[in-house]
Amino acid sequence: GGKGSQMKPLTEKLPKPLLPIEGKPILEHQIELLRNCDITEISIVIGYLAEKVKQHFGDGSRFGVRITYIEQSEKEIGTGQAVYLAKSFLSNKRFIMLYGDVLAEINLKDFVAYHATAGSIATVALTSIKYPSFYGVAKLRGEKVVEFTEKPKEKDALSRVISAGIFCFEPEIFNELSNKKDLALEKDVFPKLAKEGKLTGYLFEGKWFDIGTPEIYARAQKEWKK
C-alpha cells in the first residue's frame, strides 16, 4: 500500500506491485505462485493508487483466484497493522503473507508443510545476501530464529540471512498485533517472537528480488526468466 517513493518516477502513475516484469505486474507473478500451490482465496491490502490494482485484477476470476480488497484508511501504515486489517478475511486459519514488491522462486507447499511441523506462531522465508543491513536479519539456531533485527548497521548484523518478505502465520499472530499505526512486524513483532521461541526460519535457494530501488528493478528485469 505504500507509495514506492524510492522507485520514482516509475511509481508516479503505477503502484509498485503493478510494475511489469516479463510483461506481467509483480503482483500477477505472486498470484500465479499462489494459485500454482492451490491457494486461491487472496486478500490484497491496497492504499496508494488502489484503483489501478482493482482495475487490473478485478475479482480475480480472470486469474483463477478470488480476490478481496482491504483498503487502508491511512496513507502509510506499518506491516503489522496491514496484517491486522485482514483479520476478518482470514477467519482464524493458517495463512501466507507476501509483500507486494517481492519476486521469489519458492515452493509454497513445502514452505507451509515445514511451518505446520515447526510448532511456531510464525515462519519467515529466509534467503542470504551479501549486504544484509537494508533488511530484517535473522540469527538461527537450527530451525528456530533466536534473534531478529530490522536493518542493523553492517557491523552489528547477526548474519547474512534475511527475511524474504514471505511469511506463514498461525491465527495466534493476531494476539501480537493491533490497529496501532506504524506497527511493524520486523521491529515490533518478530524480535519478541524470536525471544519467546515462537519464530521459525525457512531457508530457500531460488531467485529472489525485493524490488525497492530502480537498480534492483533493472536487475530483476534482466534476470527473472521463468
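The values are calculated or read from the model by the stated rules, or taken from the named source; none is laboratory data. This structure is a prediction, so every number in the text was calculated from the model and none was measured. Ideal geometry is used to build each Cβ from the backbone, glycine not excepted, and the neighbour counts take in all protein chains shown. The protein model used for the area step is the full one, side chains on, heavy atoms only, and it has no ligands, DNA or RNA in it. Shrake-Rupley method; radii C 1.70, N 1.55, O 1.52, S 1.80 Å.
The residues on offer are LYS222, LYS187, LYS192, and the sole one that is in a helix (DSSP H, G or I), open to solvent by 40 Å² or more (accessible area, probe 1.4 Å) and in contact with a strand residue (DSSP E or B) (Cβ under 8 Å, 6 or more places away or on another chain) is LYS187.
Beta carbons closer than 9 Å, at least 6 apart along the sequence or on distinct chains, pair a first residue in the range 85-98 that is open to solvent by 60 Å² or more (accessible area, probe 1.4 Å) with a second that is part of a strand (DSSP E or B) for SER88/ILE70; ARG94/CYS168; ARG94/PHE169.
Whether any residue in the range 49-61 is over 27 Å from TYR114 (Cα atoms) and of a type in the set (Phe, Trp, Tyr) is what I want to check. Yes; the residues of the range 49-61 include at least one that is over 27 Å from TYR114 (Cα atoms) and of a type in the set (Phe, Trp, Tyr). Among the residues making up the range 106-119, those that are within 14 Å of PHE167 (Cα to Cα) and open to solvent by 10 Å² or more (accessible area, probe 1.4 Å) are ILE106, ASN107, LYS109, ASP110, VAL112, ALA113, TYR114, ALA116, ALA118.
Looking only at the range 100-137, count how many residues are at pLDDT 90 or above and outside any helix (DSSP H, G or I). Let's see the steps before the verdict.
The initial filter retains those residues of the range 100-137 that are at pLDDT 90 or above, namely 100-127.
Now restrict to residues that are outside any helix (DSSP H, G or I): 100-107, 119-127.
Matching residues across the range 100-137 total 17.
Can you pull out every residue in the range 39-64 that is at positive phi and at pLDDT 95 or above?
Looking only at the range 39-64, we keep the residues that are at positive phi, and these are 49, 58, 60, 64.
Residues satisfying the conditions are GLY58, GLY60, GLY64.
Scanning the range 53-72 for residues that are assigned to a helix (DSSP H, G or I), open to solvent by 80 Å² or more (accessible area, probe 1.4 Å) and in contact with a strand residue (DSSP E or B) (Cβ under 9 Å, 6 or more places away or on another chain) turns up just one, SER61.
Within the range 20-32, does at least one residue satisfy the condition of being in contact (Cβ under 8 Å) with a residue 60 or more places away in the chain, open to solvent by less than 50 Å² (accessible area, probe 1.4 Å) and either in a loop (DSSP other than H, G, I, E, B) or not hydrophobic (A, V, I, L, M, F, W, C) (or both)? Even if it seems obvious, please write down each step before you answer.
Taking the range 20-32 first, the residues in contact (Cβ under 8 Å) with a residue 60 or more places away in the chain are 21-22, 26-27, 29-30.
From the residues that got through so far, the ones that are open to solvent by less than 50 Å² (accessible area, probe 1.4 Å) too are 21, 26-27, 29-30.
Then keep just the ones that are either in a loop (DSSP other than H, G, I, E, B) or not hydrophobic (A, V, I, L, M, F, W, C) (or both); that gives 29-30.
Checking the range 20-32: at least one residue is in contact (Cβ under 8 Å) with a residue 60 or more places away in the chain, open to solvent by less than 50 Å² (accessible area, probe 1.4 Å) and either in a loop (DSSP other than H, G, I, E, B) or not hydrophobic (A, V, I, L, M, F, W, C) (or both).
Could you list, in sequence order, the residues of the range 65-77 that are of a type in the set (Lys, Arg) and modelled with pLDDT of 95 or more? Full working, then the answer.
Taking the range 65-77 as the starting set, the residues that turn out to be of a type in the set (Lys, Arg) are 66, 75.
Within the range 65-77, ARG66 is the sole residue that qualifies.
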